[in-house]
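Before any comments, here is the structure.
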Amino acid sequence: MQLIKNEAVMVYKELSEKIIEAAIEVHTELGGPGLLESIYEEAFFQELQMKGLKVNKQVHLPIFYKGNKLDGSLRIDLIIENLVIVECKAVEQFNKLYLAQCLTYLRLTNKRLGLVINFGSQLLFRGVHRVVN
């Protein structure tokens, strides 16, 4: 059992490293902060695919209340390898609400790891926030 747990941790560690490397590449290539979130997200999507990762973008997440589907749905920016949820931001001032949002997405999808990446940071490594469910 411990071996399986350690292997799972390694998968998440290696995958998150690849994701962060891709984000840094995008941030550097596009010249740092100053663009719209949608631009960073699209470039990030392409970079992740170029790295051979399976990526779904703008994934609709239906919401249920007491067994009834609500009219609205949420949109998850990216789901990578069907394991990691990534929320892209491009803001000057980071808000902890983004972490709560990502944690909610993790709970609703029963996933373990999320990353909130703020491309609005001067130094991208300071804009990467891990969220664990």
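Bear in mind these aren't lab numbers, they're just calculated from the coordinates by the rules spelled out. As the structure is a prediction and not an experimental result, all values here were calculated from the model. Ideal geometry is used to build each Cβ from the backbone, glycine not excepted, and the neighbour counts take in all protein chains shown.
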Once normalised by the length of region 48-125, the mean sequence separation of its alpha carbon contacts under 8 Å that are 6 or more apart gives a contact order in percent of 25 percent
Taking every other residue with Cβ under 15 Å from the Cβ of A100 and scoring Lys and Arg +1, Asp and Glu -1, one gets +3
Between the residues V128, G32, I85, the Cα farthest towards the positive end of the dipole of the chain, that dipole coming from +1 and -1 charges on the beta-carbon of Lys, Arg, Asp and Glu, is from I85
Summing -39500 (n - 2.57) over every DSSP H run of at least 4 residues in the chain and dividing by its residue count gives a helix-only mean residue ellipticity at 222 nm, to the nearest 500 deg cm²/dmol, of -14000 deg cm²/dmol
The relative contact order of the chain, taking Cα pairs under 8 Å that sit 6 or more residues apart, comes to a percentage of 22 percent
Rounded to the angstrom and largest first, Cα extents along the principal axes for the chain equal 46, 42, 26
About its Cα centre, the chain carries a charge dipole, from +1 on Lys and Arg Cβ atoms and -1 on Asp and Glu Cβ atoms, whose size in debye to the nearest 20 is 700 debye
